[in-house]
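The values are calculated or read from the model by the stated rules, or taken from the named source; none is laboratory data. Keep in mind it's a predicted model, so treat the numbers as computed, not measured. For accessibility, only protein heavy atoms count, side chains too; no ligands or nucleic acids. Shrake-Rupley method; radii C 1.70, N 1.55, O 1.52, S 1.80 Å.
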Amino acid sequence: MGTGPEALKSKAEIIKFLKDSFALGHNAAAALDVQNMLQNPGNSKSSRFYRATFGVAHAYDHYGQLVEYLRMNGIVPPASRQKSD
């Protein structure tokens, strides 16, 4: 698993790195099939399927942290705001 580049110097570099990371994840998920989903690649202790689902589920942990941070600072998160008819 990569740790990212040492230093990104521009917005364009950050956006490219982010887009490339999403493409890597999409390609990895697209390569899953019945034969390989339970394999543990390399020296990993987790299966390919676990790694694919963890990436998605973990994003919700960060979202929850952001919501709590906003609320502690008196901001109502957009998803919690009343909708006007």
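Assorted remarks:
- GNM flexibility winner over the chain from Y69, Y60, Y50 (Cα, springs under 10 Å): Y69
- Accessible area (Å², 1.4 Å probe, nearest 10) - V76: 80 Å²
- Segment L8..D20, full-extension length gain: 2.9 nm, with 0.36 nm per residue of separation and the alpha-carbon distance subtracted.
- Rolling a 1.4 angstrom probe over the protein heavy atoms with all chains in place gives the chain an accessible area of 91 Å² per residue.
- Averaging 1/r over each pair of different alpha-carbon atoms in segment 8-85 and inverting the result gives 15.8 Å, the Kirkwood hydrodynamic radius.
- Solvent-accessible area of M72 with every protein chain in place, 1.4 Å probe, in Å² to the nearest 10: 150 Å²
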